[in-house]
Amino acid sequence: MRSVSLGNDGMRSSTLGFGCSAVMGRIGRRASLAALGAAFDAGITFYDTARSYGYGESEALLGEFIRPRRDSVIISTKFGIVPAPANPLKQFAKPIARTALKVFPALRRTLQGHVAAQFSANHFTVDAMRSSVETSLRNLQTGYIDLLFLHLPPVTVLHHDDLFSALEQLHIEGKVLRYGIAADPPIALAALAAAIPGLQTIEFPCNLFDLSLANHPALHNPNIVAIANHPFGGPQRVAESKTLIHRLAHDPTLPPSLHQKLHKVDDATLADLVLNLITVNTGIKVVVPSMLTLAHLQTNIAALQQSRFTPSELQWFRNKLNSGTAAS
Ligand SMILES: NC(=O)c1ccc[n+]([C@@H]2O[C@H](COP(=O)([O-])OP(=O)(O)OC[C@H]3O[C@@H](n4cnc5c(N)ncnc54)[C@H](OP(=O)(O)O)[C@@H]3O)[C@@H](O)[C@H]2O)c1
């Protein structure tokens, strides 16, 4: 398993992280624990969660799982999006919704509206942050959070000096080792440009549809830990990612060395291209997919262990995708 240093204080992580947004959401307790166990046994030491994930239950299940392993893992969590209060009816509704989705995938859009109603966003006051951190520490059964992110803040929050002073205080107290912004690329970049004292990390989506931050000069700052999420564009865009690779395979400017390498666009090709585009020579330290099925976990680990693509081939893909000429 490739590993990486997350700063000069000895914090280290596997390059492949484990996204927990679907833990206790898309899958239930037993499958979630099995997926976490498989990831840990395979050497993954970075787990990304948030107060809102899994209808508010992802953090607590992760806490239960990592308790005996706390010293061996890095936990990243977020505040700012608050889950709806626990409702016993939810326990019955979730398995029904999962089954319904398997039988009628077209229901996803309808259910997404319902899922959005389960959260309330934009909680970035000092009090809300402190209370959220205390809840996260309780949920995660730990005395400290390795990486704490503002979860999708509007750009105006970057100027809330009192919020960042309060985060710095938690850092001094040892409750939060690093804090930063989890946001779409423009806001993540604005956060770096704002040079907020104490800000040490950013998390942002990075995938074939938006590679704008991969290899961005701002990410080569040694004081910033850059984390990429959503690498396959989410469950809905896995197929579209493969179609895009297929299209690239037939691009008239494709370097000859790549013809054979893109001969078959299966899960292994997808993982090899996407995960290495994101992590090889880009300044991005960790990439965090959801990979709840064992086959995806194993494919993703293999992709980062040995790539068929050279660094210059990967750069060709980044240039092509960033130029916008690959999408049509
Ligand atoms: N605002 C934020 O802070 C934010 C936003 C989005 C995401 N995130 C983080 O990023 C994580 C991942 O994002 P995501 O779940 O939205 O999207 P994602 O990782 O881009 O996509 C997940 C989908 O890809 C599938 N998959 C994984 N490996 C594969 C492979 N090798 N070949 C084919 N399919 C594969 C997964 O299947 P299975 O899971 O069924 O195996 C799942 O259906 C989240 O869990 C969360 O931690 C953070």
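The values are calculated or read from the model by the stated rules, or taken from the named source; none is laboratory data. Nothing here was measured: the structure is a model prediction, and the numbers come from that model. Here the Cβ positions follow ideal geometry from the backbone for every residue, glycine too, while neighbour counts run over all protein chains shown. Each accessible area value is taken on the protein alone, full model and side chains, heavy atoms only, with ligands, DNA and RNA left out. Shrake-Rupley method; radii C 1.70, N 1.55, O 1.52, S 1.80 Å.
Counting residues that are open to solvent by 30 Å² or more (accessible area, probe 1.4 Å), more than 9 Å from the ligand (Cβ to nearest atom) and in contact (Cβ under 8 Å) with a residue 60 or more places away in the chain, which helices (runs of 4 or more DSSP H) fully inside segment 226-328 reach at least 1?
So the answer is 238-249, 294-305, 311-323.
Take the residues in segment 187-206 that are away from the ligand (no atom under 16 Å from the Cβ) and of a type outside the set (A, V, I, L, M), then tell me which one is farthest from L6 (Cα to Cα).
Checked segment 187-206; the qualifying residue farthest from L6 (Cα to Cα) is P197.
When segment 12-38 is examined, which residues are found to be surrounded by fewer than 17 Cβ atoms within 10 Å (Cβ to Cβ) and touching a strand residue (DSSP E or B) at 6+ places or on another chain (Cβ under 7 Å)?
Selection gives R12 alone.
Assess whether D162 counts as being of a type in the set (D, E) and within 16 Å of S76 (Cβ to Cβ).
Details: of a type in the set (D, E): yes; within 16 Å of S76 (Cβ to Cβ): no.
No, not satisfied.
When the residues of segment 207-225 are filtered to those that are within 16 Å of the ligand (Cβ to nearest atom) and polar (S, T, N, Q), which remaining residue is least open to solvent (accessible area, probe 1.4 Å)?
Ranking the qualifying residues of segment 207-225, first place goes to N207.
Being open to solvent by 30 Å² or more (accessible area, probe 1.4 Å) and at pLDDT 95 or above is the filter here; which residues of segment 54-63 pass it?
The one that is open to solvent by 30 Å² or more (accessible area, probe 1.4 Å) and at pLDDT 95 or above: A60.
Residues in segment 161-186 that are over 20 Å from V126 (Cα atoms) and either within 11 Å of the ligand (Cβ to nearest atom) or part of a strand (DSSP E or B) (or both): how many?
If we filter segment 161-186 for residues that are over 20 Å from V126 (Cα atoms), which is where we start, we get 184-186.
From what is left, the residues that are either within 11 Å of the ligand (Cβ to nearest atom) or part of a strand (DSSP E or B) (or both) are 184.
Residues flagged as over 20 Å from V126 (Cα atoms) and either within 11 Å of the ligand (Cβ to nearest atom) or part of a strand (DSSP E or B) (or both) within segment 161-186 amount to 1.
May I ask you to verify whether I75 is more than 11 Å from the ligand (Cβ to nearest atom), within 17 Å of the chain's Cα centre (by Cα) and either within 25 Å of N221 (Cα to Cα) or of a type outside the set (F, W, Y) (or both)? Walk me through it before giving the result.
On the way: more than 11 Å from the ligand (Cβ to nearest atom): yes; within 17 Å of the chain's Cα centre (by Cα): yes; either within 25 Å of N221 (Cα to Cα) or of a type outside the set (F, W, Y) (or both): yes.
Yes; evaluated as a whole, the condition is true for this residue.
Have a look at A166, A239, A191 and point out the one that is within 21 Å of D272 (Cα to Cα) and out of contact with any Lys or Arg (no Cβ under 6 Å at 6 or more places or on another chain).
When all the criteria are applied, what remains is A239.
I'd like the residue in segment 150-195 that is β-branched (V, I, T) and within 17 Å of the chain's Cα centre (by Cα) and, out of all such residues, is least open to solvent (accessible area, probe 1.4 Å).
Here is the first cut: in segment 150-195, the residues β-branched (V, I, T) are 155-157, 172, 176, 181, 187.
If we keep only those that are within 17 Å of the chain's Cα centre (by Cα) too, we end up with 181, 187.
Working: I181: 0, I187: 44 Å².
That would be I181.
Hey, can you tell me all the residues within segment 115-160 that are part of a helix (DSSP H, G or I), of a type in the set (S, T, Y) and closer than 20 Å to I227 by Cβ? Give the derivation first.
Start the filter on segment 115-160 by keeping residues that are part of a helix (DSSP H, G or I), which leaves 115-116, 126-140, 155-159.
Restricting the remaining residues to those that are of a type in the set (S, T, Y) gives 131-132, 135-136, 156.
Across segment 115-160, the qualifying residues are S132, S136.
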